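No lab work stands behind these numbers, since they all come straight from the coordinates. Owing to the predicted nature of the structure, the values given are computational and were not obtained by experimental measurement. So basically every Cβ, Gly included, is an ideal-geometry build from the backbone, and we count neighbours across all protein chains shown.
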Amino acid sequence: MTDSSPEYLIVGTIQKPHGIKGELFVRLETDRPDAVFSAGRALVLGDGEGRASDAVLTVERARAFKGGMLVKAAGHTGRTPELDELRGRTLLIPRDQAAPPEEDEVFYHDLLGMKVVTEAEGEVGTIGEVYDAPAGPMLSVRRKGAKELLIPFARQMVRRVDVAEKVLELDLPAGLLDL
């Protein structure tokens with residue numbers, strides 16, 4: 001783990017209470033929801049930026065629902081003001097409890113601050129944000145002397161990802177850097 005690695009990882013964001021039985025609709029920010037939202041799992045509540053608090057939400061049960069999860073919070077039997085106050089809060093797990101990325105995967109937070117390079121252009125800029133777009137992830141690359149550029153984070157364009165060295169080498173289509 002590098003010094004800039006977060007202590008906690010965001011696995012979901014509470015959108016709103018659902019129904020009258022103490023369930024919450026959660027937007028997923030993990031590709032392993034069955035493991036993360038298993039019964040009895042204690043999730044740390046974070047603010048909208050993912051900063052951990054001392055509060056914990058324990059999962060009583062969870063099920064897939066409309067592209068997210070309905071999570072029944074243990075100890076909540078109905079729709080209460082306390083559940084309403086959870087809107088916008090993030091759900092976190094300690095980084096050391098996360099399954100490690102596969103060989104061809106990378107955590108989005110590890111991309112932040114990475115130097116983007118190409119064989120033809122050399123250094124292009126630095127990754128400032130990663131956005132989830134309908135067509136796939138987009139990298140917001142900050143460039144010196146030029147405006148920010150959105151680059152698709154597409155497997156066919158990635159030549160090398162070096163998390164330790166903080167370098168992402170891409171093979172970009174002609175003309176993309178001229179935008």
Worksheet item: Which loop-located trypsin sites (Lys or Arg not before Pro) does region 136-179 contain, where loop means any DSSP state but H, G, I, E or B and the Cβ has at most 12 other Cβ atoms within 10 Å?
Response: Lys144, Lys147
Item to complete: Calculate, in nm to one decimal, what Thr58 and Ala39 gain on full extension: separation in residues at 0.36 nm each, minus their alpha carbon distance.
Response: 6.0 nm
Worksheet item: For region 8-96, what's the relative contact order in percent, using C-alpha pairs closer than 8 Å and at least 6 residues apart?
Response: 42
Practice prompt. Report, please, the projected area of region 108-178 averaged over directions, based on the convex hull of its C-alpha atoms, in nm².
Written response: 4.6
Item to complete: Go through region 3-70 and name the trypsin sites (Lys or Arg not before Pro) that are in a DSSP coil and have 16 or fewer other Cβ atoms within 10 Å of their Cβ.
Response: Lys21, Arg51, Lys66
Worksheet item: Could you give the nm distance between label points at Lys16 and Glu103, where each point is 7 Å from its Cα heading toward the beta carbon?
Response: 4.5
Item to complete: Subtracting the Cα-Cα distance from 0.36 nm times the residue separation, let me have the gained length for Lys115 to Glu165 in nm, one decimal.
Response: 17.1 nm
Practice prompt. Measure of size requested: the Rg and Dmax of region 46-179, with Cα atoms as the atom set and Å as the unit; please supply both.
Written response: 19.3, 60
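Sorting Leu112, Leu170, Leu179 on the 10 Å Cβ count, fewest up front, what's the list?
Leu179, Leu112, Leu170
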Item to complete: Write down the Å³ per residue value for the convex hull defined by the alpha carbon atoms of region 8-96.
Response: 83
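State to the nearest 20 debye the size of the charge dipole of the chain about its Cα centre, where the only charges are +1 on K and R beta carbons and -1 on D and E beta carbons.
820
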Discussion item. At a 10 Å Cβ-Cβ cut-off, how would you order Glu129, Glu49, fewest neighbours first?
Written reply: Glu49, Glu129
